[in-house]
Amino acid sequence: MTDPYAAIPAFYDAEFAGADADAAFFARHAAPGPLLVLGAGTGRVARLLATDRDVTGLDLSAPMLAHARAAQRPGDRTRWVEGDIRTFDLGLFGEIVVPNGTFCFLHTRADQLACLRACARALPLGAPLVLDFPSPDFSLLGTPHTPERLAWEGDVGGRAGKRTREVRRRALDLRVDLLDRYWLDGVLAATSLLPLQLALPREIEWMCEAAGFWVDAFYGDYGGGPLRDGCDRLIVRACRC
């Protein structure tokens, strides 16, 4: 399978350089002990959470992890591991965080269950797993296609960068395919296809229960607000049972 992130680490870091609301939420709700971040990417979330604890960041993309290692600060206790979120075996942790829609890259029930069972093996009883999903936008889900449009623009290593996005949706499958195009100085530099499997709260709850978790809380935003219609996020805190 082609790595959708292979050519875009610099773009990714530039776009999300000032984004820390998710990490702040994870920090406020943190459990004691070492932390595992699944889908760590270039390390933004893991670095922000590595202030006073051991953090492991796991990702399948070698280029993204190379970017994370290059940005590592002296003295922090973060380790970076290339691996699959469905099959990892890295010992026990006090908490696992799955940020930024990482779980949505698992498209089958078998893959979803494999990931959750791997998480259950890595957590002691009572320890939390936090899953961060984009909340389905039902006002758009019935629209099969949104044409390419500007999604972000800014500075990338001193050059003018931008990202455009084209979206295709399959409402019955809760499937969204994001086609991102990255531009430098007006020239197309990379294309990335991100196929996402969305999920609903009750569906997530039974998935967690099937894998050995009970759902402790749902949140609708990084401020800790309740889940409600129109929320941007669907954040799930589940505990190992």
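For Phe103, all conditions in the list (1) surrounded by 21 or more Cβ atoms within 10 Å (Cβ to Cβ); (2) farther than 22 Å from Ser192 by Cβ hold save one; what is the number of the exception?
For Phe103, the failing item is (2).
From the list Asp177, Asp185, which one is at pLDDT 95 or above and within 19 Å of the chain's Cα centre (by Cα)?
On the way: Asp185 fails: within 19 Å of the chain's Cα centre (by Cα).
The match here is Asp177.
Please pick out the residue among Ile96, Ile85 that is surrounded by 19 or more Cβ atoms within 10 Å (Cβ to Cβ) and assigned to a strand (DSSP E or B).
Values: Ile85 fails: assigned to a strand (DSSP E or B).
Criteria check complete, one pass: Ile96.
Could you go through region 35-49 and let me know if any residue there is surrounded by fewer than 20 Cβ atoms within 10 Å (Cβ to Cβ) and assigned to a loop (DSSP other than H, G, I, E, B).
No - not one qualifying residue is present in region 35-49.
Identify the single condition in (1) touching a residue at least 60 places away in the same chain (Cβ under 8 Å); (2) in the same structural domain as Phe26 (by TED's automatic domain parsing) that Arg163 does not satisfy, given that it satisfies every other one.
The number of the failed condition is (2).
The values are calculated or read from the model by the stated rules, or taken from the named source; none is laboratory data. Note that this is a predicted model, so its numbers are computed, not measured. Note: ideal-geometry Cβ built from the backbone for every residue, glycine included; neighbour counts use all protein chains shown.
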